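Each value in this text was obtained by applying a stated rule to the coordinates, not by laboratory testing. What you see is a predicted model; the values in this text were computed from it and never measured.
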Amino acid sequence: MTHRSSRRDFLKGKAALEAVGDLVQQALPELPASTPVESYLLHISRRAMACEFQFLFNAGQYPQATEAAIEALDLVEELEGQMSVFRASSQLSRINRQAAEVAVPVEPRLFEILQLAQRIHAESAGAYDITSTSLWRAWGFARREGRVPMAEQLDEARRCVGGQYVELDAEARTVRFLRPGVELNLGSVGKGYALDRAAERLVAAGVGDFLLHGGQSSVLARGSRREGADDDGWTVGVHDPLRRGRRIGRLRLRDRALGTSGSANQSFRHRGRRYAHILDPRTGWPAEGVWSATVLSPTAAEADALSTAFFVMGAEAAFRYCLARPDLAAVLVCSSAEGQPPAIRTAGLQEGEFMAEDDSPEGVQS
């Protein structure tokens, strides 16, 4: 079978999808009309927010998927321009420059993210805090040059840290800092927020089955991997924080998001001790006891923020949080006694939602 295609069709991926569709039809036996079919995947990606954003669709299911994905990725770039602390022109940079002196108006959707961060800060007893930039600088993680700060440096950095120093006026939709030197950084929630907004664009375009991720640590799934399936969802691997290129298991996602925080990528050793980049804002020191925290939540922004909070809080406090929120679930890889492998601990998962790898450390504890 031969297809004619225009350049516009090529840019949308239409010609390629038609060719793939022909191959699928030739390769598959005849199936009942109601049988779900797992097709090839269409991948569309772009680099943003210092990682690769990738959108996955069932090939051939939605003719408009490619164009909708390109528009959604354009939105991700716009959001990076709004939230990046590395761009002087961003709205967040303007807030950091001015909010200690005047109340700064905030775009409505960005204000919602600041409210989310404030809520999780309160609910986590300060374990989650988007004002921790000065601590990152003190420890050298801002430039990926890890070092143990002097006590005076750490004390000075801690004076500028605390969600209680951020005043949000919901009626006027403004933010003001109650202490000079406070800075906001949305690195712990920005990718998830971008995925939530991208998903809104795709759904509005009539695309209902897809998987989105930003750097693999922030994931959002809608619908199913198999066209026509009602409850399959999408299967996502959970990386092993201690063994590069391995995974501890797989999670099944449907109409849900996932966020993972781990200490494997940024750390340094000093006098035989390992220091990781996820800091406890309450003490100013790197959090300990958890190697990685994965959270399932209705939104990707919340999943991202809570994965950081749970990493800092530790397993017991994290699981108490999950008990109060039936719509949440968590998978934590935790430190064990010296000489023992780490343990995988889970909370809030439904039967069959998490499948551990056969060689996962210590099995799974619920």
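Roughly how far apart, in whole Å, are the Cα centres of the stretch 66-121 and the stretch 154-180?
The stretch 66-121 and the stretch 154-180 have Cα centres separated by 16 Å.
Taking the Cα atoms of the stretch 54-208 alone, what are Rg (to one decimal) and Dmax (as a whole number) in Å?
Looking at the stretch 54-208, its Cα Rg and Dmax stand at 18.2, 60 Å.
Round to a whole angstrom and tell me the spacing of the C-alpha centers of the stretch 314-353 and the stretch 187-223.
24
Normalise the Cα radius of gyration of the stretch 91-177 by 2.2 N^0.38 Å (N = residues in it) and let me know the number. Before the final figure, lay out each step's value.
Details: Rg = 14.2 Å, N = 87, 2.2 N^0.38 = 12.0 Å.
The reported ratio for this selection is 1.18.
Can you compute log10 of I(q)/I(0) for the stretch 233-365 with the Debye formula, treating each Cα as one identical point scatterer, at q = 0.10, 0.11, 0.13 Å⁻¹?
Taken in order of the listed q values, log10 I(q)/I(0) reads -0.30, -0.36, -0.51.
Any chance you could tell me what percent of the C-alpha pair distances in the stretch 194-292 go past 23 Å?
Working: 2044 of 4851 pairs.
Counting pairs separated by more than 23 Å, the tail of P(r) holds 42 percent.
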